[in-house]
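What follows is one structure encoded as structure tokens, with my remarks underneath.
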Amino acid sequence: MSAIDSAEAAVPRTPSPDAGPAAGQSMARLLRPHARSFAAVVVLQVIGAIAGLLPLLAVVELGRALLSPGPADTGRVWAAVIVGAAGLLVRLVFTAASSGIGHLVDGQVQLTFRRHLAARLGRVPIGWLSRRRTGELAKVVGEDVSAVHPFIAHAPGELVSAFVVPLVSLVYLLSIDWRLTLITLIPVALAIAHVPLLMLPARAREQEEFDAAMGRIADSVVEFVQGIAVVKAFGGGERAHRAFRAAADDFVAVFSRWVRGMSLVAAGMQLALSPPFVLLVVLIGGTALISGGGLAPADLLPFLLLGLGLTAPVAALGHGFDDLQAARRAVGRIKEVSEVPPLPEPAVPAVPHGHRVEFQGVRFGYDDDREVLRGIDLALEPGTVTALVGPSGSGKSSLVRLLPRFFDPSGGSVRIGGVDLRDLPTRDLYRMVSFVFQDVRLLRASVTDNIALAVPDAAPEDVVRAARQAGVHDRVLALPRGYDTVIGEEAALSGGEAQRIALARALLADTPVLVLDEATSFADPQTEHAIRRALAAPAGDRTILVIAHRLETVADADTVVLLDDGVIAEQGPPAELLATNGKFAAFWRSHRSAIADPAGPPQGGQPR
């Protein structure tokens, strides 16, 4: 069990309405609103399938009327022609209507699935998301939802045809001769005998390996595209292509095994259901019965025509078997994601008193093998700036991510205003805590919408004020349509500009607690200085927790916390820590030396 799972299990919470036993019914709930449309598809397809037999029956009756001894019955002939034409028209109309409704329902179901998955992924623990590859989740939301198309749009009609057409044909053929009817069913029986071979555990394993290989290709493509700039800059193109080729070669090997396992079975089914084989069986059986005097020659005609009608729907279903199996597996993966329980909400929401932040005995690890944080005790007072410093891997980012509850601690608690975050409703938590991280993701929306994400009804002047404080106002005015410019479509922003948009978003939200994880890493010194002034000036009693790498940020902090290997090595005002000449002083000197300008004095001010 992971740390986050342990923490969630240890604290009593109110189950989400989407979690627990109800989660197992989530797919049924999503499909229930479309039940009437599914019923309409089936009813229309039944009518169309039965009407589709009328032209064949009309040809049979027409043949029997013309082959009967004596003059042909004109009325019987015209009746057969009219019935056949009417049946053909009805089949075209009803099957077209069934197919059209089925595809409309398919579009609605796919939209429902994607909206449901988007909402679900927006509520699941970030820890769960971090353990999944981007390509894996993209496959579920994209390819897997699309793979449901045959199951929704085609399976109802094919299943109806596969059962209704043979059933009606059998009833008619049995009324003519039961012996030849059984002979006509021999190809169908041979084809059905192959079905268990498609369901063997080995076939299922091969299909799972096939899906996994496809996922690895998707992952390698995503990773290559996301890192293409770095790959090209540092000459790692050959390695990146080698990784993709390895994934492609692995897929080819898996696909080849799957084809070898399926080819003989598929070939046997196709041979058994092929029209030449069906006609051969019927002709041999019919000739034997006619030669023995047990069947009139004219009665062989319906078996030659309807015998193909018995096998065609089954053959069509067989051709769609792979699509149906793929749809079934896709539904399973969609269901797996849709049933991931969201972060538990408190049964009785607590009300914080103030916004003093406390980390009490906090322990955390991404897995059971190693703890990243080991017994953190830390208090962040309102109106102060606390800077986290320390070597890479010391646990800084893990610590700040506990505050907006991206993870839950495996031990101890994180509190705001004396309330454990797990006893605070998520909506209330994000009214109190805003955050800006180094890896910024902006929406494909206008600049205004991106800044006002947390305050959708913000006045335009408030949006502009936040942008000015974040040092990005002038850049926004230079965009094609200013604050109405759609990011990602009409303009692209640099990493630093995106960070400042995210910072403006946090400033506009005006929450009492602000978390900054290397939020000015892309900013130039002048811009960072302006941002620090913006953070400090209107803060009032705002509590700010920032991961700091630049000495200017550290010097301006009220408290510095030095993390080392998941524990607090030193903490206190920066000037006092320097005076003690301990680990922070060594850290300070090493960073001043690293950024020193050989042609001038070292950068960075002295701590206050």
Query raised in the report: Of Val109, Val160, which residue is among the aliphatic types (A, V, I, L, M), modelled with pLDDT of 80 or more and either open to solvent by less than 60 Å² (accessible area, probe 1.4 Å) or outside any helix (DSSP H, G or I) (or both)?
Result: Val109
Report summary line: Of those in segment 177-224 that are modelled with pLDDT of 75 or more and either in contact with a Cys (Cβ under 8 Å, 6 or more places away or on another chain) or of a type in the set (Phe, Trp, Tyr) (or both), the residue least open to solvent (accessible area, probe 1.4 Å) is Phe210
Report summary line: The correct count of residues that are modelled with pLDDT of 60 or more, of a type in the set (Phe, Trp, Tyr) and outside any helix (DSSP H, G or I) in segment 225-265 is 0
Report summary line: For segment 423-447, the count of residues that are touching a residue at least 60 places away in the same chain (Cβ under 8 Å) and open to solvent by less than 20 Å² (accessible area, probe 1.4 Å) equals 4
Query raised in the report: Looking at segment 65-77, which of its residues are closer than 17 Å to Asp299 by Cβ, open to solvent by 60 Å² or more (accessible area, probe 1.4 Å) and part of a helix (DSSP H, G or I)?
Result: Leu66, Leu67, Arg76
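Determine whether Arg468 is at pLDDT 85 or above, closer than 30 Å to Val357 by Cβ and out of contact with any Leu (no Cβ under 9 Å at 6 or more places or on another chain).
Working: at pLDDT 85 or above: yes; closer than 30 Å to Val357 by Cβ: yes; out of contact with any Leu (no Cβ under 9 Å at 6 or more places or on another chain): yes.
When the stated conditions are applied, Arg468 passes them.
Let's see how each residue does on (1) at pLDDT below 75; (2) part of a helix (DSSP H, G or I):
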| residue | (1), (2) |
| --- | --- |
| Gln325 | yes, yes |
| Lys335 | no, yes |
| Val348 | no, no |
| Val362 | no, no |
| Tyr366 | no, no |
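Does Arg405 qualify as being at positive phi and not small (Gly, Ala, Ser)? Give the steps one after another, and end with the answer.
Values: at positive phi: yes; not small (Gly, Ala, Ser): yes.
The answer is yes for Arg405.
Among Leu308, Leu279, Leu300, which is out of contact with any strand residue (DSSP E or B) (no Cβ under 6 Å at 6 or more places or on another chain), at pLDDT 85 or above, part of a helix (DSSP H, G or I) and buried (at least 19 other Cβ atoms within 10 Å of the Cβ)? Walk me through how you get there before you give the answer.
Details: Leu308 fails: at pLDDT 85 or above; Leu279 fails: buried (at least 19 other Cβ atoms within 10 Å of the Cβ).
After applying the criteria, what remains is Leu300.
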Query raised in the report: What are the residue pairs meeting all of these: first residue in segment 110-124, first residue polar (S, T, N, Q), second residue assigned to a loop (DSSP other than H, G, I, E, B), Cβ atoms under 8 Å, and 6 or more apart or on different chains?
Result: Gln110/Val148
Query raised in the report: Assuming Ser394 fulfils every condition listed in (1) open to solvent by 10 Å² or more (accessible area, probe 1.4 Å); (2) in contact with a strand residue (DSSP E or B) (Cβ under 9 Å, 6 or more places away or on another chain) apart from one, which condition is it?
Result: (1)
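Only one residue in Ala491, Ala478, Ala502 is open to solvent by 60 Å² or more (accessible area, probe 1.4 Å) and hydrophobic (A, V, I, L, M, F, W, C). Which one? Full working, then the answer.
Values: Ala491 fails: open to solvent by 60 Å² or more (accessible area, probe 1.4 Å); Ala502 fails: open to solvent by 60 Å² or more (accessible area, probe 1.4 Å).
The conditions single out Ala478.
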**Report entry** Inter-residue pairs, beta-carbon under 7 Å, first free of Cβ contacts under 8 Å to residues at least 60 places away in the same chain and in segment 170-182, second of a type outside the set (Lys, Arg) and outside any helix (DSSP H, G or I), 6+ apart
**Finding:** none
Query raised in the report: Are there any strands (runs of 3 or more DSSP E) wholly within segment 492-603 with 3 or more residues that are modelled with pLDDT of 60 or more and more than 27 Å from Ala454 (Cβ to Cβ), and if so which?
Result: 559-564, 567-572
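The values are calculated or read from the model by the stated rules, or taken from the named source; none is laboratory data. Since the model is a prediction, treat every value here as computed from it, not as a measurement. Reconstructed Cβ throughout: ideal geometry from the backbone, glycine too, with neighbour counts over all protein chains shown. For accessibility, only protein heavy atoms count, side chains too; no ligands or nucleic acids. Shrake-Rupley method; radii C 1.70, N 1.55, O 1.52, S 1.80 Å.
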